[in-house]
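What follows draws every value from the coordinates through simple rules; no lab data is involved. Small disclaimer: the values here were computed from a predicted structure and weren't measured. Note that each Cβ is placed from the backbone with ideal geometry, even for glycine, and that neighbours are counted across all protein chains shown.
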């Protein structure tokens with residue numbers, strides 16, 4: 001018994017040490033970015049690695065806000081993200097519910113095609129999406145960034161799997177009470193699918209807010225650029241001028257871009273963990 005207890009304690013110590021090491025590996029780059037954003041240009045290029053600034057300054061943040069349309073880019077990111085969150089929920093819920101509660105010829109094949117589409121790289125599907133958006137004349141608009149991100153197959157698949165676990169007796173009871181499919185969906189399926197929908201919306205928020213590839217190829221002007229694309233534009237303009245590589249400026253903008261996601265995760269961390277646990281989604 002003593003040996004087992006000692007082994008358990010050693011195992012716990014090793015487990016905590018590994019978790020601490022992983023936490024340091026993940027947090028160290030983030031801390032470096034934040035601290036560098038408060039350093040002066042000369043201090044960054046002294047040749048000596050220093051974590052904390054000798055002289056704290058906000059000039060990088062002032063330069064970022066004054067010289068670049070960050071608020072316009074932030075507004076664009078917010079509009080696109082909120083639109084994708086609201087519309088994609090509808091475009092995922094409706095087909096998932098229809099597939100789960102109805103039986104029809106070809107249903108199995110349709111579900112298989114949906115599963116197979118998840119494995120298609122987005123870069124490949126982007127070619128056809130770009131052609132469609134271009135022919136519709138929607139380039140450099142909000143619609144160009146929003147429409148291709150609606151109804152992701154992974155969202156439909158997750159909700160479909162969950163809806164299939166709901167006993168059909170609930171739906172039959174609803175029909176006996178005079179309710180139709182919309183009543184069953186609104187009063188039975190959606191409340192039970194709350195944890196799955198919460199996880200989907202949080203992941204969708206992070207993915208859409210940080211999305212770089214698609215907005216990069218469909219936006220060309222500041223009026224429609226999102227924050228990640230704007231940051232890349234600044235990085236390119238700064239790197240072209242080798243005499244003044246303003247890494248402090250880039251770090252400051254990176255911090256500003258990351259704030260909404262960090263605030264969301266910190267404020268909803270408990271709900272996110274509970275939703276993942278109750279939804280049965282595993283990494």
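Per the helix-only calculation at 222 nm, which mean residue ellipticity applies to the chain, given -39500 (n - 2.57) for every DSSP H run of n ≥ 4 and division by its residues, nearest 500 deg cm²/dmol?
-23000 deg cm²/dmol
Any chance you could give the angle, 0 to 90 degrees and rounded to 10, that helix 122-135 forms with the longest Cα principal axis of the chain?
Helix 122-135 sits roughly 90 degrees off the main axis of the chain.
Just report the Cα centroid separation between segment 102-121 and segment 45-77, whole Å.
47
Roughly how tilted is helix 153-165, in degrees to the nearest 10 and between 0 and 90, from the longest Cα axis of the chain?
For 153-165 against the chain, the angle is about 40 degrees.
Relative to a virtual label point 7 Å from the Cα of residue 235 in the Cα→beta-carbon direction, which members of segment 178-211 show backbone nitrogen distances below 19 Å?
So the set is 206-211.
Using only Cα atoms, tell me the angle between helix 70-101 and the longest principal axis of the chain; keep it within 0 to 90° and round to the nearest 10.
Taking the Cα atoms of the chain, the angle to 70-101 is about 20 degrees.
Let me make sure I get this right: for the chain, a, b and c are the square roots of the gyration tensor eigenvalues over alpha carbons, sorted descending. Under 1.5 in a/c it's rounded, otherwise prolate if a/b > b/c, else oblate. Which is it?
Oblate shape, in that a/c is at least 1.5 and b/c is the bigger or equal ratio.
Pull out a ≥ b ≥ c, the square roots of the eigenvalues of the alpha-carbon gyration tensor of segment 2-60, then state rounded if a/c is under 1.5, prolate if not and a/b is larger than b/c, and oblate in the remaining case.
prolate
Arrange the following residues from fewest to most other Cβ atoms within 10 Å of their Cβ: 140, 177, 103.
By the 10 Å Cβ count, ascending: 103, 177, 140.
When only Cα pairs under 8 Å and 6 or more residues apart are kept, what is the percent relative contact order across the chain?
It rounds to 29 percent for the chain.
Based on the Cβ-Cβ distance of residue 32 and residue 117, what FRET efficiency does E = 1/(1 + (r/R0)^6) give at R0 = 30 Å, to the nearest 0.05?
0.15
If R₀ is 30 angstrom, what is the calculated FRET efficiency for the pair residue 192 and residue 108, using the beta carbon separation as r and rounding to 0.05?
After rounding to 0.05, the efficiency reads 0.80.
Subtracting the Cα-Cα distance from 0.36 nm times the residue separation, let me have the gained length for residue 207 to residue 78 in nm, one decimal.
Working it through step by step, the gained length comes to 45.2 nm.
Label points 7 Å out from Cα along the Cβ direction at residue 13 and residue 154: separation in nm?
About 4.0 nm separates the two model spin labels.
I need the peptides 33-42, 108-117, 193-202 ranked by packing, meaning the mean over residues of other C-beta atoms within 10 angstrom, with the highest value on top.
193-202, 33-42, 108-117
Tell me the label-point distance for the pair residue 90, residue 175, using the 7 Å Cα-to-Cβ offset, in nm and rounded to one decimal.
2.7
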